[in-house]
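Worksheet for the structure shown next.
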Amino acid sequence: MKIKMILPALAEAESPFWRPIKYSLFPPLGLATLAAYVSPNDEVEIQDQHVEKLNLNDTPDLVILQVYITNAYRSYSIADHYRAKGTYVILGGLHVTSLPDEASKHADSVFLGPGEETFPQFLKDFKNRTPKKIYYSSIRTLERMPPIRRDLIKRHRYLVPNSIVVTRGCPHHCTFCYKDAFFESGKSFYTQIVDDALAEIDRLPGRHLYFLDDHLLGNQKFASSLFEGMKGMNRVFQGAATVDSILRGNLIEQAAEAGLRSVFVGFETFSPKNLKQSNKKQNLKRDYKEAVQRLHALGIMINGSFVFGLDEDDKDVFKRTVDWGVKNAITTSTYHVLTPYPGTKLFKDMESQNRVLTRNWDLYDTRHVVYKTTNLTAEELKQGYDWAYKEFYRWANIFEASFNHKSHKHKLKHLLYSGGWKKFEPLWNFIIKTKNLNNMLPLLESILSKVNYYEKESFSGNSVKLQRTTPTRQHNPVNN
Ligand code: SF4
């Protein structure tokens with residue numbers, strides 16, 4: 001049997017002329033994870049439209065499409081194309097789980113929730129010619145998972161081929177997040193067995209890893225054992241964590257000791273009312289500045305995430321947010337226009353208040369305003385969002401933020417990472433087009449190298465807590 005797995009390009013990502021670097025970062029790990037359940041007697045391939053032209057002239061027996069909200073229309077058209085040829089088509093992913101009725105019109109089977117249990121069941125049913133129309137995920141476990149089919153990934157086309165996920169979901173319940181809808185009717189946060197995660201890490205070549213977990217520090221026991229096991233592995237890695245988890249205990253020091261060099265943090269908003277409305281309890285009454293300083297002290301770069309358009313936001317929110325990021329030496333900032341994804345509590349609330357303005361899913365890319373705003377007009381929100389990006393990434397602000405670090409190495413790292421990320425898009429485009437992206441990995445690894453003990457941040461008169469890290473950790477040669 002011939003099986004084809006496709007990740008269609010997001011609406012905002014595909015252009016024959018321009019390939020923004022952020023869409024060539026990670027391979028389609030979810031599809032490679034499912035491919036591991038396919039029998040060795042079957043042929044399977046993965047195509048990712050973000051990095052290659054899709055071949056739609058073939059006639060596989062089975063096509064599997066991974067659907068996000070802004071690739072939904074493209075996915076449906078590819079699905080219709082293959083179904084017209086007699087190919088059996090299945091659709092799964094976040095958007096399908098949120099809107100199964102919409103997706104079902106373009107599929108022979110749809111998958112709701114994660115596929116680790118349902119996909120192997122489907123394969124059995126398909127071979128017995130008894131596939132079901134809908135597969136609901138109810139059993140949630142990552143035990144006995146076969147090794148991901150990384151051999152199907154075209155590594156050279158990605159900057160970060162070593163992406164990895166060792167947990168599923170998140171312990172929190174923010175109202176704007178897809179997570180609760182995707183994991184409905186079962187566990188919404190669970191982890192791999194630590195030894196399995198370490199074995200998966202061991203299989204990955206090179207030094208650099210990117211953990212795509214929603215919250216790598218979400219289960220303290222698991223994360224602590226994972227970092228302990230990684231200590232001798234000579235890795236550098238990036239991941240995501242919450243403000244709360246950075247401030248609590250010494251997990252973040254363990255992570256730094258294991259090789260954490262950059263972290264994505266969902267600050268989202270400074271307003272307690274906005275945080276309450278978003279059910280973002282993990283940020284409430286937490287000192288963002290203290291979290292930032294703790295990360296700086298450990299030599300960990302920060303990608304801060306911020307949402308604009310929450311109900312308490314006013315016209316000053318954009319400037320306040322950019323200024324705070326520059327002053328606190330946030331390495332990179334990701335700004336979002338608040339977006340009520342279908343299936344989320346936010347969407348339900350807005351729909352009940354008649355605030356959803358469009359159901360054109362291509363506009364649900366966190367750059368467009370798709371709902372009725374309150375304090376800000378839609379134009380103010382959109383303009384403020386565009387302004388914030390431009391302003392934060394002005395050279396003057398990149399330099400100022402870099403020079404807000406005390407150590408020379410950290411200043412340089414900040415400058416290279418932030419500037420390289422946003423200021424050299426034409427160069428990235430050239431590198432992507434000439435298929436040399438993977439050759440840039442050593443540069444990324446060197447930017448992520450450790451800031452040595454004596455070079456660490458020492459903000460005078462602030463509350464950086466170097467004493468939280470033990471001398472043994474600081475001098476661990478593994479991470480130098
Ligand atoms: S902390 Fe992040 S991943 Fe978890 S529910 Fe909130 S937004 Fe989603």
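Going by Cβ distance under 4.7 Å, what cysteines of the chain have no possible disulfide partner?
CYS170 - these cysteines have no disulfide-compatible partner (Cβ-Cβ under 4.7 Å) in the chain.
May I ask for the distance between the Cα centers of the stretch 120-149 and the stretch 339-399, given as a whole number of Å?
Measuring centre to centre over Cα atoms gives 37 Å.
Sorted from fewest to most neighbouring beta carbons within 10 Å, what does the list ASP151, ASP42, ASP213 look like?
Details: ASP151 9, ASP42 14, ASP213 22.
By the 10 Å Cβ count, ascending: ASP151, ASP42, ASP213.
To the nearest 10 degrees, how steeply does helix 408-423 sit against the main Cα axis of the chain, on a 0 to 90 scale?
40 degrees
Given the pairs LYS2/LYS154; LYS105/LYS154; LYS187/LYS345; LYS231/LYS280, which are separated by over 22 angstrom at their Cα positions?
With Cα atoms farther than 22 Å apart: LYS105/LYS154; LYS231/LYS280.
Angle between the Cα long axis of helix 317-327 and the longest principal axis of the chain, 0 to 90 degrees, nearest 10?
60 degrees
At 222 nm, what helix-only mean residue ellipticity would the chain give, in deg cm²/dmol to the nearest 500, using -39500 (n - 2.57) for each DSSP H run of four or more?
Rounded to the nearest 500, it is -10000 deg cm²/dmol.
On a 0 to 90 degree scale, rounded to 10, what angle separates helix 72-84 from the longest Cα axis of the chain?
Roughly 20 degrees between the two axes.
Just tell me which aspartates and glutamates come within less than 18 Å, Cα to Cα, of LYS372; anything on the same chain fewer than 8 places away is out.
Candidates past the 8-residue exclusion: ASP311, GLU312, ASP313, ASP314, ASP349, GLU351, ASP362, GLU380.
Among ALA258, LEU29, LEU209, which residue has its Cα positioned farthest towards the positive end of the charge dipole of the chain, with +1 placed on the Cβ of Lys and Arg, -1 on the Cβ of Asp and Glu, and the dipole taken about the Cα centre?
It is ALA258, whose Cα lies furthest towards the positive end.
Above 43 Å lies some portion of the pair distances; for the chain, what is it as a whole percent of all C-alpha pairs?
That tail contains 13 percent of the Cα-Cα pairs.
Based on the alpha-carbon set only, what is the convex hull volume of the stretch 289-434 divided per residue, in Å³?
Value for the stretch 289-434: 145 Å³ per residue.
Fewest Cβ neighbours within 10 Å first, please rank ARG355, ARG168, ARG286, ARG203 accordingly.
Values: ARG355 16, ARG168 22, ARG286 19, ARG203 12.
Ordered by Cβ neighbours within 10 Å, fewest first: ARG203, ARG355, ARG286, ARG168.
Looking at the calculated P(r) for the stretch 99-255, what percent of the C-alpha pair distances fall above 22 Å?
51 percent
What dipole magnitude, in Debye to the nearest 20, does the chain give about its Cα centre under +1 on Lys/Arg Cβ and -1 on Asp/Glu Cβ? Walk me through the numbers on the way to the answer.
On the way: 65 positive and 52 negative charges, 166 e Å.
Using only the charged Cβ atoms, the result is roughly 800 debye.
Regarding the stretch 1-123, what's the average projected area of the Cα-atom convex hull, expressed in nm²?
Here the figure is 7.2 nm², rounded to one decimal.
Read-outs: derived from the displayed coordinates by stated rules, not from any lab. This one's a predicted model, so the numbers in the text were calculated from it and none came from an experiment. Glycine also receives a Cβ, built like all others from the backbone with ideal geometry; neighbour counts cover every protein chain displayed.
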